[in-house]
Amino acid sequence: MHIPDGFLSAGVAGVTWVVAGAGVASALRAERSDPQPMPAGILGAAAAFVFAAQMINVPVAPGTSGHLVGAALAAVLLGPWRGLIVMTVVLAVQALLFQDGGISAFGANVVDMGVGGVLAGYAGAAIVTRVMPTPRGAVIGGVLGAFAATLVAATLTGLWLGLSGLYPLRGILPIMLVTHTAIGLLEAALTGAILATVVRWRPDLVRGVSSQGRIANPAAVMVGVIAMALVVAGFLSPFASSLPDGLEHAAEQLGFAGRARAMPGAPFPDYVMPFIESAGLATALAGILGTLAAAAVGWLVSRSLGASGRAVHD
Amino acid sequence: MLSTTRRPAVVLGLGLAAIVAAAMSPVGLDGRGVPAWSWIVWLAAFVWALSLSRMAGLRLPDALRRVIWLAPVVAMFTLPAAWLAPAGTRGLVAAGLMARGLAAVSLGTGLATRLGPSGLNLGVRQLGAPQRLADVFEATLVSLTSVLRRAHAMLRAREARRPGFGAWSDIVASPAETVRGFGRLVATLLLRSLERAEAVERARRARGGEA
């Protein structure tokens, strides 16, 4: 999934570098305020381990092999922010020393496997361990998080290649999603196998997710869940069925479908962005903006409920 | 650690800028053909890459071999994109994409060979990377050799215990055994790596190092 040099446009490379820089800066700031500091030597050893684990190929079938990426594993073992720092360093070592991933494409690779992969992996693991605060919950969370991380990273990779004009978006995204579904299953299985052994021998090493049923980094979970929601809303919605749903079908059968009216001033009537010619892009953008708007409203509502709850108890 | 050049930040900074320049040169995907200056930029990048490798003491065939092994990866991205280019331009676009990709990766190879891990570490720090990130980068480079050696030794030991079968079976043929074996080996590698790092950290603090 490492994008080499020469396959991203200047605009896409620039934007992804900015997003990656912001993500890494946030991770460094959040990590600084962690009450339990971790020496750079330990993080460096963890990064070297992830690098080595990526080099161990597992035969999938004759002539084909796969390998672990480790974003979700890093998130479960180290937490989202240290996991992001570790993945960034791994990608930097790979790009600088081994040319596995380009320099101009480094920002995109960090966004895909670092920001997207680690935070989506952490979100999956944290939500599961919130419900199952046991070692088994950490393993199951890691498995689900690894699968989600692979799909988020693959979607973002396809997005950058499509926006760079290399491949049409409608072609590259389904191919990336289909191929990486199988790769995601492999990543999930390998991550689960590693975590199952680690929680049996050294459960104290699983520091990324809480064993007390609470989410220690809600901001990271929020970003991870939004990334997963955007993957679905933005990149699966254009491929949704165009057949009418139950109410629309009943309205057509009973003859009152023509009485439906769009709300005046609705920004995205029928889930389509106005003034965009491409139908797929119009639906995708409407899905992305709608998801972000729903997330923003939900956040505002939860903040106001939290404030009023505190006022009642004060 | 000793660096192999007196000004690693200058070499690294110029090298990274040249890689970006090579990677951004137009390649004809818009149907307007590959401009002549793109070919000049890619050729210059390739020549500089070979000279960097020669300055590091590498023979020319070895320097070329380090670039050629990356060609299949570049081709994997290049060929489908060239196939989708406008008819009549596919050959030129394919050549341009391959040249662009190989120019950029060869320059990266030359930089890494000339600077080495210590030069890269010093260059990254002098170019203003955040200190925490630079510290973790340096610690990773320090740990990398020992972790990779340990991984190879563990894989060889596993192969020795499974004569004629290799380290792993196919996941398709033996999914549970393969995944379980991989999980135990990699988990053991993780525990040994972290425990060694913790022991090194305790020894460093015992000798008066800062927390």
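The values are calculated or read from the model by the stated rules, or taken from the named source; none is laboratory data. In this text, all values refer to a predicted model and were calculated from it rather than measured experimentally. When we count neighbours, we look across all protein chains shown, and the Cβ atoms used for this are built from the backbone with ideal geometry, even at glycine. Remember, those area values only see protein heavy atoms, side chains included, never the ligands or the DNA or RNA. Shrake-Rupley method; radii C 1.70, N 1.55, O 1.52, S 1.80 Å.
Considered as a group, the residues in the stretch A:53-78 that are touching an Asp or Glu at 6+ places or on another chain (Cβ under 8 Å) and more than 9 Å from every other protein chain (Cβ to nearest Cβ) include one that is modelled with the highest pLDDT, and that residue is A:A72. Of the residues B:R114, B:R100, B:R65, the single one that is open to solvent by 60 Å² or more (accessible area, probe 1.4 Å) and modelled with pLDDT of 80 or more is B:R65. Look at B:A95 and say whether it is within 12 Å of chain A (Cβ to nearest Cβ) and more than 15 Å from the chain's Cα centre (by Cα). No: the conditions fail for B:A95. If you check B:L70 against the conditions, is it within 19 Å of B:A18 (Cα to Cα), open to solvent by less than 60 Å² (accessible area, probe 1.4 Å) and at pLDDT below 80? Here the answer is yes, as B:L70 does meet what is asked. Taken together, the criteria place B:A95 among residues that are more than 30 Å from A:P39 (Cβ to Cβ) and either in contact (Cβ under 8 Å) with a residue 40 or more places away in the chain or not in a loop (DSSP other than H, G, I, E, B) (or both). Here A:V223 meets the list (1) within 19 Å of A:L84 (Cα to Cα); (2) open to solvent by less than 40 Å² (accessible area, probe 1.4 Å) almost entirely, failing just condition (2). Of all the residues in the stretch B:45-90, those that are among the aliphatic types (A, V, I, L, M), more than 11 Å from chain A (Cβ to nearest Cβ), free of Cβ contacts under 8 Å to residues at least 12 places away in the same chain and part of a helix (DSSP H, G or I) number 3. Being at pLDDT below 85 and either over 21 Å from the mean Cα position of the chain (by Cα) or on the phi > 0 side of the Ramachandran plot (or both) holds for only one residue in A:G213, A:G208, and it is A:G213. List the pairs whose first member sits in the stretch A:72-95 and is under 12 Å from A:E31 (Cβ atoms) and surrounded by 24 or more Cβ atoms within 10 Å (Cβ to Cβ), whose second member is modelled with pLDDT under 95 and of a type in the set (S, T, N, Q), and whose Cβ atoms are under 9 Å apart, counting only residues at least 6 apart or on separate chains? So the pair list comes out as A:G79/A:N217; A:P80/A:N217; A:W81/A:S26; A:W81/A:N217; A:L84/A:S26; A:V86/B:T140. Hey, could you check the stretch B:195-209 for residues that are among the hydrophobic types (A, V, I, L, M, F, W, C) and under 16 Å from B:D135 (Cα atoms) and say which is surrounded by the most Cβ atoms within 10 Å (Cβ to Cβ)? Selected residue: B:A197. Selection of the stretch A:104-146 for residues being open to solvent by 20 Å² or more (accessible area, probe 1.4 Å) and within 14 Å of chain B (Cβ to nearest Cβ) yields A:F106, A:P135, A:V139, A:V143. Of everything in the stretch B:118-157 that is open to solvent by less than 40 Å² (accessible area, probe 1.4 Å) and among the hydroxyl-bearing types (S, T, Y), the residue that is farthest from the other protein chains (Cβ to nearest Cβ) is B:S118. Among the residues of the stretch B:17-54, the ones that are over 27 Å from B:A85 (Cβ atoms) and either buried (at least 18 other Cβ atoms within 10 Å of the Cβ) or touching a helix residue (DSSP H, G or I) at 6+ places or on another chain (Cβ under 6 Å) (or both) come to 4 in all. Among the residues of the stretch B:171-183, the one identified as surrounded by fewer than 16 Cβ atoms within 10 Å (Cβ to Cβ), in a helix (DSSP H, G or I) and facing another protein chain (nearest Cβ under 7 Å) is B:R180. Look through the stretch A:89-103, keep the residues that are more than 7 Å from every other protein chain (Cβ to nearest Cβ) and at pLDDT 90 or above, and return whichever of them is farthest from A:W160 (Cα to Cα). Top of the filtered list is A:V90. Of all the numbered requirements in (1) at the interface with another protein chain (Cβ under 7 Å from one of its Cβ atoms); (2) free of Cβ contacts under 8 Å to residues at least 24 places away in the same chain; (3) open to solvent by 10 Å² or more (accessible area, probe 1.4 Å), A:R32 misses one, and that requirement is (1).
Considering the stretch B:8-44, and only residues there that are away from chain A (no Cβ under 14 Å) and hydrophobic (A, V, I, L, M, F, W, C), the residue that is farthest from A:S104 (Cα to Cα) turns out to be B:A36.
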